[in-house]
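Since the structure comes first, as structure tokens, the remarks are kept for the end.
The values are calculated or read from the model by the stated rules, or taken from the named source; none is laboratory data. Here the structure is a predicted model, which means the values were calculated and not measured. So basically every Cβ, Gly included, is an ideal-geometry build from the backbone, and we count neighbours across all protein chains shown.
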Amino acid sequence: MKEMTSAVIAAAVAALALATVPANAADPASSAVLRNQTRIIGDAVRRQVRQGFVASKHANIRSGPTASAAVIGQYPAGSVVAVTGGPTDGWYEVAHGGRTGYVWAALVDRQP
């Protein structure tokens with residue numbers, strides 16, 4: 001339900017943003033602005049951030065979605081995790097310090 005509400009809000013924001021831009025098909029600059037805003041809004045909707053919590057003693061943040069990928073950070077128990085994708089093959093994509101990382105999904109709960 002919460003994810004559905006987020007999607008509805010994101011769609012409403014996208015529609016509002018597009019409605020505020022005057023589109024003039026004859027003006028290439030206006031068309032370029034509209035295309036850029038559409039791309040930015042689409043990216044934001046696709047990469048909705050969900051919240052998770054580390055449910056184990058700690059969770060390693062890895063550079064790729066595999067146990068052999070380099071550890072680039074670590075979340076202590078109870079940490080809030082910004083989940084940006086997945087789970088895919090057991091891994092969540094997460095935002096960490098301006099970088100993309102991966103955490104084993106079994107270590108992350110949706111509730112604290």
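Structural remarks
- Candidate set from segment 102-112 (those that are among the aliphatic types (A, V, I, L, M) and either outside any strand (DSSP E or B) or touching a Cys at 6+ places or on another chain (Cβ under 7 Å) (or both)); member that is farthest from Ala55 (Cα to Cα): Ala105
- Failed item, numbered, when Ile72 is tested on (1) aliphatic (A, V, I, L, M); (2) modelled with pLDDT under 95; (3) touching a Gly at 6+ places or on another chain (Cβ under 6 Å): (2)
- Each residue in segment 79-102 was checked for being touching a Pro at 6+ places or on another chain (Cβ under 7 Å) and at positive phi, and 1 of them qualify.
- Within segment 82-111, considering residues that are hydroxyl-bearing (Ser, Thr, Tyr) and free of Cβ contacts under 8 Å to residues at least 24 places away in the same chain, the one surrounded by the most Cβ atoms within 10 Å (Cβ to Cβ): Thr100
- Number of positions in segment 64-73 that are more than 12 Å from Tyr92 (Cβ to Cβ), under 20 Å from the mean Cα position of the chain (by Cα) and surrounded by 15 or more Cβ atoms within 10 Å (Cβ to Cβ): 2
- Taking every residue in segment 47-65 that is over 13 Å from Ala105 (Cα atoms) and pairing it with any residue that is of a type in the set (A, V, I, L, M, F, W, C) and at pLDDT 95 or above, at least 6 positions away or on another chain, the pairs with Cβ-Cβ distances below 6 Å are Ser63/Ala69; Ser63/Ala70; Ser63/Ile72.
- Restricting attention to segment 84-101 and to residues that are small (Gly, Ala, Ser) and part of a strand (DSSP E or B), the residue that is nearest to Val71 (Cα to Cα) turns out to be Gly101.
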